[in-house]
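The values are calculated or read from the model by the stated rules, or taken from the named source; none is laboratory data. Keep in mind the model is a prediction, meaning the values are calculated, not measured. Here the Cβ positions follow ideal geometry from the backbone for every residue, glycine too, while neighbour counts run over all protein chains shown. Side chains included, ligands, DNA and RNA excluded: accessible areas come from the protein's heavy atoms. Shrake-Rupley method; radii C 1.70, N 1.55, O 1.52, S 1.80 Å.
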Amino acid sequence: MKPDQPVAICLQRSVAMVVGLLAILKAGGAYLPLDPAYPSAWLRQVLEDAAPQLVLADAAGSAALGDVGLDVTLIDLEKATPAWADLPTSDLDPRALGLTSRHLAYVIYTSGSTVTPKGVEMSHGSLMNLLWSTLELGAQTTHTSVHDPELRRVIPGIVQLLEGWWPARARAGRDPCGLLRLTGICVGEAIERLFLPFVALNHFAEVWGAKGVLLPSLREIYTSGEQLRATPMLSSFFELHSRASLINQYGPTETYVVTEHEHHLAADSVCWPQLPPIGRPIANTRVYLLDNHGEPVPFGTVGELYIGGARLARGYLHRPELTAEPFLADRFSGEIGARMYRTGDLARYLPDGNLAVWAATTTR
């Protein structure tokens with residue numbers, strides 16, 4: 001396997017998924033997620049565009065890919081005698097592989113609901129910058145998460161778990177039954193930290209409201225992947241969980257998380273704005289609000305949001321012309337070769353220095 005080589009993985013949520021992700025990264029490849037629940041037409045488009053040489057799969061993945069009709073090498077992770085059983089157990093040396101921070105860590109395809117799916121290329125350097133800028137958390141924090149169904153947040157989430165957000169006590173789906181189980185897990189396992197996309201968070205609050213059980217151990221809820229909105233159920237939830245705070249993270253797929261804002265809603269949930277602020281740029285991230293001529297707007301004025309810094313993706317896999325449209329030269333940074341990403345979102349600075357964003361047009 002060579003650096004920058006995509007390796008697809010088509011598995012149901014399981015321990016095997018974590019093992020597969022780590023195996024691909026340690027071998028120097030780039031992880032490419034395929035959800036077995038997706039239509040065969042979508043899977044075909046992704047496989048044709050990414051052209052991976054290998055696909056890791058379980059029974060569900062094999063069944064889903066069986067209808068695609070492409071000639072790819074499929075490795076069944078559920079076989080009794082895997083091909084790698086006799087290989088050395090030691091990790092490969094990244095230097096021997098020629099792996100650098102500029103090489104790909106993973107490729108995430110957008111949903112393609114209105115356009116052809118495109119693969120966002122994220123490098124090891126961007127991933128490591130995310131990890132180093134993450135708030136330091138105690139190793140004994142009890143944490144659980146519900147991830148985006150398109151798997152766009154899985155790699156950073158899993159790596160964060162392995163870096164210190166552990167032990168990961170449980171995971172659940174976004175269905176009502178799964179969220180009902182998650183509520184019980186939060187009580188039984190004394191969960192302190194949750195990671196939930198907004199839709200799952202709102203459903204979780206609804207399920208919690210129907211069950212009527214307090215979660216006294218809960219301290220933080222992280223949300224990203226979709227624009228956060230105030231709802232009466234969320235207000236009720238945080239009014240009754242005064243020790244818990246809500247951390248709103250913002251970032252398009254092309255940059256992952258670039259801003260963060262911690263909301264303490266217990267005291268002022270009634271005054272919570274419908275579209276809460278997204279916060280301020282985090283480490284090694286630059287944010288610009290520009291007008292139609294590409295010039296900075298005055299403080300407090302609405303402008304289009306551009307993002308620069310170490311978080312940017314390399315671009316879109318095999319799409320140089322498409323990459324050139326939103327990934328532009330960053331003439332404000334002073335760094336040679338610096339780039340910025342045009343999000344298409346409108347934003348303005350609030351008096352306290354936090355950013356408010358609306359008219360979100362990017363795919364989260």
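Take Ile24 and decide whether it is over 23 Å from the mean Cα position of the chain (by Cα), among the hydrophobic types (A, V, I, L, M, F, W, C) and farther than 24 Å from Gly251 by Cα.
The answer is no for Ile24.
Examine segment 53-75 for a residue that is crowded, with 16+ Cβ neighbours inside 10 Å and within 25 Å of Arg311 (Cα to Cα), and state whether such a residue exists.
No, because not a single residue in segment 53-75 is crowded, with 16+ Cβ neighbours inside 10 Å and within 25 Å of Arg311 (Cα to Cα).
If we scan segment 190-197, do we find a residue that is open to solvent by less than 50 Å² (accessible area, probe 1.4 Å), in contact with a strand residue (DSSP E or B) (Cβ under 8 Å, 6 or more places away or on another chain), part of a loop (DSSP other than H, G, I, E, B) and closer than 30 Å to Met122 by Cα?
Yes; the residues of segment 190-197 include at least one that is open to solvent by less than 50 Å² (accessible area, probe 1.4 Å), in contact with a strand residue (DSSP E or B) (Cβ under 8 Å, 6 or more places away or on another chain), part of a loop (DSSP other than H, G, I, E, B) and closer than 30 Å to Met122 by Cα.
Can you give me the number of residues within segment 216-240 that are touching a residue at least 60 places away in the same chain (Cβ under 8 Å) and under 18 Å from the mean Cα position of the chain (by Cα)?
The qualifying residues number 4.
Quick one: in segment 302-337, which of the residues that are among the aromatic types (Phe, Trp, Tyr) and more than 20 Å from Arg102 (Cα to Cα) is most open to solvent (accessible area, probe 1.4 Å)?
Within segment 302-337, the match that is most open to solvent (accessible area, probe 1.4 Å) is Phe332.
Looking only at segment 26-36, decide whether some residue is open to solvent by 60 Å² or more (accessible area, probe 1.4 Å), farther than 18 Å from Met122 by Cβ and without any contact (Cβ under 8 Å) to a residue 60 or more places away in the chain.
Scanning segment 26-36, I find no residue that is open to solvent by 60 Å² or more (accessible area, probe 1.4 Å), farther than 18 Å from Met122 by Cβ and without any contact (Cβ under 8 Å) to a residue 60 or more places away in the chain, so the answer is no.
The conditions are (1) at pLDDT 85 or above; (2) open to solvent by 60 Å² or more (accessible area, probe 1.4 Å), and Pro94 fails exactly one of them. Which is it?
The number of the failed condition is (1).
What pairs come out if I take residues in segment 122-141 that are closer than 29 Å to Gly29 by Cβ and pair them with residues that are at pLDDT 70 or above and β-branched (Val, Ile, Thr) whose C-beta lies under 7 Å away, six or more apart or interchain?
Short answer, once both residue conditions are applied: Met122/Ile108; Leu130/Val257; Ser133/Ile282.
So which residues in segment 241-260 are in contact (Cβ under 8 Å) with a residue 40 or more places away in the chain and either surrounded by fewer than 19 Cβ atoms within 10 Å (Cβ to Cβ) or small (Gly, Ala, Ser) (or both), if there are any at all?
Gly251
Out of everything in segment 97-138 that is of a type in the set (Ser, Thr, Tyr) and at pLDDT below 85, what residue ends up being nearest to Lys2 (Cα to Cα)?
Thr110
Does segment 288-301 include one or more residues that are farther than 18 Å from Phe198 by Cα, open to solvent by less than 50 Å² (accessible area, probe 1.4 Å) and touching a helix residue (DSSP H, G or I) at 6+ places or on another chain (Cβ under 7 Å)?
Looking for residues that are farther than 18 Å from Phe198 by Cα, open to solvent by less than 50 Å² (accessible area, probe 1.4 Å) and touching a helix residue (DSSP H, G or I) at 6+ places or on another chain (Cβ under 7 Å), one finds none in segment 288-301, hence no.
This table checks each residue for (1) charged (D, E, K, R); (2) at pLDDT 85 or above.
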site	(1), (2)
Glu163	yes, no
Gly173	no, no
Gly188	no, yes
Val207	no, yes
Leu234	no, yes
Phe237	no, yes
Thr253	no, yes
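Of a type in the set (Phe, Trp, Tyr), crowded, with 19+ Cβ neighbours inside 10 Å and in a loop (DSSP other than H, G, I, E, B), is that true of Tyr222?
Considered against the rule, which asks whether it is of a type in the set (Phe, Trp, Tyr), crowded, with 19+ Cβ neighbours inside 10 Å and in a loop (DSSP other than H, G, I, E, B), Tyr222 comes out as no.
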